[in-house]
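The values are calculated or read from the model by the stated rules, or taken from the named source; none is laboratory data. If you're wondering where the values come from, they're calculated on a predicted model, not measured in any experiment. All Cβ positions, glycine included, derive from the backbone under ideal geometry; neighbour counts span all protein chains shown.
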Amino acid sequence: MSCFGCFPGHANKQRRSDSGKRQQQQQQQTPAPTRQDTLHQPRPGPEPASNKDVGKDSGGKNIKAQTFTFRELAAATKNFRQECLIGEGGFGRVYRGKLEQTDQVVAVKQLDRNGLQGNREFLVEVLMLSLLHHENLVNLVGYCADGEQRLLVYEYMPQRSLEDHLLDLSPSQKPLEWSTRMKIAWGAAKGLEYLHDKVNPPVIYRDLKSSNILLDEEFNAKLSDFGLAKLGPTGEKMHVSSRVMGTYGYCAPEYQRTGQLTLKSDVYSFGVVLLELITGRRVVDTARPIEEQNLVTWAEPVFRVPKKFGELADPLLKSNYPVRCLNQVVAIAATCLNEEPSMRPMISDIVTALSFLSLGDGENNRESIRGQPPPKDARIIDILGDYFWEDGTGDDDEAAAGQVKVVAEATECGSNSCCDMQCQSER
Ligand SMILES: Nc1ncnc2c1ncn2[C@@H]1O[C@H](COP(=O)(O)OP(=O)(O)OP(=O)(O)O)[C@@H](O)[C@H]1O
Ligand SMILES: [Mg+2]
């Protein structure tokens, strides 16, 4: 069993494979001495020895995921051959495989026995994904707890993770288009909405980041990695207390300070991902000038000047985005990243807003949105009311005065083609 804190300090990281890795942060960073990092040392714990014991350790919950023997998964991945390796994270290596019995293509994640993420996360992952099912959550095909071996078997996601398409692209890689970015944001938001609003008690995901948003062939987003997920507060309680875990940069500041975890902690992480989608920048990037290394700190002054929102846009978009939609998405990101958790929107409000912003350039999708009743004046309208982004020309005073309604704007956007690329002419 192991746990790791998210801690401040600049990561001394390699560019490609390291930014999101909880494990590597602990090994490579020189964190400032904070309360969190002294709290979260890896803790060894009892480990189940077999697939049967995993069922027992799950507290009697009925785990429906299929069990595999190590031999079956070795056969599926050609003995974990290098050519089948598709990624590596804090838990261990991920291989592409083909199940012999069914020919199903899968992703097999093998727990690194020397790694920091361990058996507790393995159990939580199996349990959570056995109980939770949604089109925006990755499907767990099964697992293997065979002797010392711990492996997780997922549906294979052909486009891999958002991180693979957004950050540190190779010269031959095509940058994600604006509409695809919005589609991914919307899918991730719907996955989070399911966890927060549809599941009872709610589930706090705690590990929202671009490497955990997996993409299918059509760039539909699915959340993955539930090893840190935690049941949320019930009744009158607004938070659950927890040791601080997660990935530095994505963690909400109040959670990092106090260990008090709320649904709004996930909303903060969502804001970080949204900002990554807008800017194409990593949340922490030590290769940039010092004042640009922390994405949120870099973007915050711009949040206060709506006419500058365009400066946040990923240069790889080459200005191919609808300005009003960009401004609205920046405004949503800004509210998600509010220091004060109660000022952050509910995920359901974000889903409503993004549903209109993300579907603007698909005729069919737009038709299906038209068929829906107009959104109510959701809380997000109040929250975003401070922002003025009409064509990005507002200044600070206007920002305070302008009561622009993002859902209404977004609805208009989705129904009158303003999200189409023609709308660039508005600029
Ligand atoms: N189901 C899957 N289908 C296809 N590719 C996957 C799948 N799961 C993971 N991957 C690939 O493997 C990479 C590593 O994933 P993994 O979850 O192990 O680590 P991570 O998310 O990068 O870091 P962390 O361990 O901190 O969560 C992903 O970035 C993705 O490219
Ligand atoms: Mg992951």
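When region 139-179 is filtered for residues that are of a type in the set (Asp, Glu), within 16 Å of ligand 2 (Cβ to nearest atom) and in contact with a helix residue (DSSP H, G or I) (Cβ under 9 Å, 6 or more places away or on another chain), the ones remaining, listed by number, are 163, 164. Of the candidates 272, 244, the single residue that is within 15 Å of the chain's Cα centre (by Cα) and either surrounded by 18 or more Cβ atoms within 10 Å (Cβ to Cβ) or part of a helix (DSSP H, G or I) (or both) is 272.
The set of residues in region 84-112 that are more than 15 Å from ligand 1 (Cβ to nearest atom) and either charged (D, E, K, R) or in contact with a Cys (Cβ under 9 Å, 6 or more places away or on another chain) (or both) comprises 100, 103.
Quick check on residue 216: is it out of contact with any strand residue (DSSP E or B) (no Cβ under 8 Å at 6 or more places or on another chain) and under 20 Å from residue 137 (Cα atoms)? Steps first, answer last, please.
On the way: out of contact with any strand residue (DSSP E or B) (no Cβ under 8 Å at 6 or more places or on another chain): no; under 20 Å from residue 137 (Cα atoms): yes.
In short, no.
Every test in (1) within 15 Å of ligand 2 (Cβ to nearest atom); (2) modelled with pLDDT of 95 or more is passed by residue 192 save one, and that test is (1).
Surrounded by fewer than 17 Cβ atoms within 10 Å (Cβ to Cβ) and of a type in the set (S, T, N, Q): which single residue out of 279, 297 fits that description?
On the way: 279 fails: surrounded by fewer than 17 Cβ atoms within 10 Å (Cβ to Cβ).
Checking each option against the conditions leaves just 297.
From the list 288, 206, the lone residue that is within 12 Å of ligand 1 (Cβ to nearest atom) and in the same structural domain as residue 325 (by TED's automatic domain parsing) is 206.
Just one of 158, 171 is without any contact (Cβ under 8 Å) to a residue 60 or more places away in the chain, farther than 25 Å from residue 200 by Cα and within 10 Å of ligand 1 (Cβ to nearest atom); which is it?
Values: 171 fails: within 10 Å of ligand 1 (Cβ to nearest atom).
Exactly one of 158, 171 is without any contact (Cβ under 8 Å) to a residue 60 or more places away in the chain, farther than 25 Å from residue 200 by Cα and within 10 Å of ligand 1 (Cβ to nearest atom), namely 158.
Residue by residue, here is whether (1) within 28 Å of residue 199 (Cβ to Cβ); (2) modelled with pLDDT of 55 or more holds:
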{"site": "19", "(1), (2)": "no, no"}
{"site": "33", "(1), (2)": "no, no"}
{"site": "36", "(1), (2)": "yes, no"}
{"site": "51", "(1), (2)": "yes, yes"}
{"site": "80", "(1), (2)": "no, yes"}
{"site": "89", "(1), (2)": "yes, yes"}
{"site": "92", "(1), (2)": "yes, yes"}
{"site": "118", "(1), (2)": "yes, yes"}
{"site": "126", "(1), (2)": "yes, yes"}
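Looking only at region 221-242, residues that are more than 13 Å from ligand 1 (Cβ to nearest atom) and either closer than 28 Å to residue 111 by Cβ or touching a strand residue (DSSP E or B) at 6+ places or on another chain (Cβ under 7 Å) (or both) come to 8 in all. Annotation note: of 210, 224, the sole residue that is in contact with a Ser or Thr (Cβ under 7 Å, 6 or more places away or on another chain) and within 16 Å of ligand 2 (Cβ to nearest atom) is 210.
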